[in-house]
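Below is one structure, written out as C-alpha cells; comments come after it.
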Amino acid sequence: MSTYHHGNLRPALVETAAGLARTAGPDGVVLREVARQTGVSHNAAYRHFADRDELLAEVAAIGMAQLEQAMRDRLATVRTRDPERRARRRLRETGRAYVQFALAEPGMFEVAFSAKGDAAAAGQHVPEVDGGPYGLLHEVLDELVAAGGLSPERRVGADVACWAAVHGFALLCLRGPLQALPPADRDAVLDVALDVLDRGLS
C-alpha cells in the first residue's frame, strides 16, 4: 500500500495509477483500486479527479515524458560528427528508442496513447511540435534538412510518416504477428524497416 504526506494525495494517486498502468495497461487504471492501494477512500480520490479519464490523462502524460526521455537518452549515444550522417543516425536512433520503449514498457506505452479529453493537450491526439516525443522527432527531421539529407519538399508530412512507421512496428511486436520473433530477429527486421524509411526520405 502506498503512503503519502498530508496534502500530497494527488501525486500519490498518480504514482499508484502509473504503477498499475505498467503492469496492466489502461484497464489497470481504475479509480477505486487506485484509491485502495493508496490507502484512502474512493471518495477522497474523487476530490482530486473528476473521473477515471482525468486520472488516465495524468498517467498518459507521464508515459509520454518517459518515452521522450528514452528517445533523448538514445540520441545522446550518437557520436558521428559528419552533419548528414549524424542527422540520419539520430533519426534512426529516435525510431529505435521508440520501439524499444514500447517493448520494455508496454503498459505505459498503451496508456500514453489511450487517454481521452485533456490528454490531447499532452500530445496524444494533437501532436505538440514544441515538446514531447513528436516534437523531438520534428527537431531531428529539421536537423536532417539543415544537413542536406532531406529536401524541404520531402520534409512536409515526414513527421507523421516516420511516427506511423515506428508506431505500427511497435504494435506488430506487441500484439501482432511479430510478437513471436526472438529479440535478435525482431531487431534485424526493425533495422530493415528503418533502412526503408531512410531510403524513402532520401
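The values are calculated or read from the model by the stated rules, or taken from the named source; none is laboratory data. Everything quoted here is computed from the prediction, not taken from an experiment. Positions of Cβ are generated from backbone atoms using ideal geometry, with glycine treated the same way; all protein chains shown enter the neighbour counts. When the accessible area is computed, the model is the full protein with side chains, heavy atoms only, and any ligands, DNA or RNA have been set aside. Shrake-Rupley method; radii C 1.70, N 1.55, O 1.52, S 1.80 Å.
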Original post:
Looking only at segment 65-79, which residues are polar (S, T, N, Q) and part of a helix (DSSP H, G or I)?
Top reply: Gln66, Gln69
Subject >> Among the residues listed as Glu93, Glu58, the single one being open to solvent by 60 Å² or more (accessible area, probe 1.4 Å), under 28 Å from Gly168 (Cα atoms) and among the charged types (D, E, K, R) >> reply: Glu58
Original post:
Quick one: would you say Ala18 is surrounded by 15 or more Cβ atoms within 10 Å (Cβ to Cβ) and either at pLDDT 90 or above or within 18 Å of the chain's Cα centre (by Cα) (or both)?
Top reply: yes
Subject >> Test: residue in segment 86-101 that is farther than 30 Å from Asp191 by Cα, of a type outside the set (Phe, Trp, Tyr) and free of Cβ contacts under 8 Å to residues at least 12 places away in the same chain >> reply: no
Original post:
How many residues, within segment 66-92, are within 20 Å of the chain's Cα centre (by Cα) and either modelled with pLDDT under 95 or of a type in the set (Ser, Thr, Tyr) (or both)?
Top reply: 1
**OP:** Tell me which residues, restricted to segment 30-41, are surrounded by fewer than 15 Cβ atoms within 10 Å (Cβ to Cβ) and part of a helix (DSSP H, G or I).
**Re:** Arg32
**OP:** Please enumerate the residues belonging to segment 133-189 that are in contact with a Cys (Cβ under 8 Å, 6 or more places away or on another chain) and buried (at least 16 other Cβ atoms within 10 Å of the Cβ).
**Re:** Leu137, Leu141, Arg186
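Considering Glu84, Glu110, Glu68, which residue is touching a Gly at 6+ places or on another chain (Cβ under 7 Å) and surrounded by fewer than 18 Cβ atoms within 10 Å (Cβ to Cβ)?
Glu84
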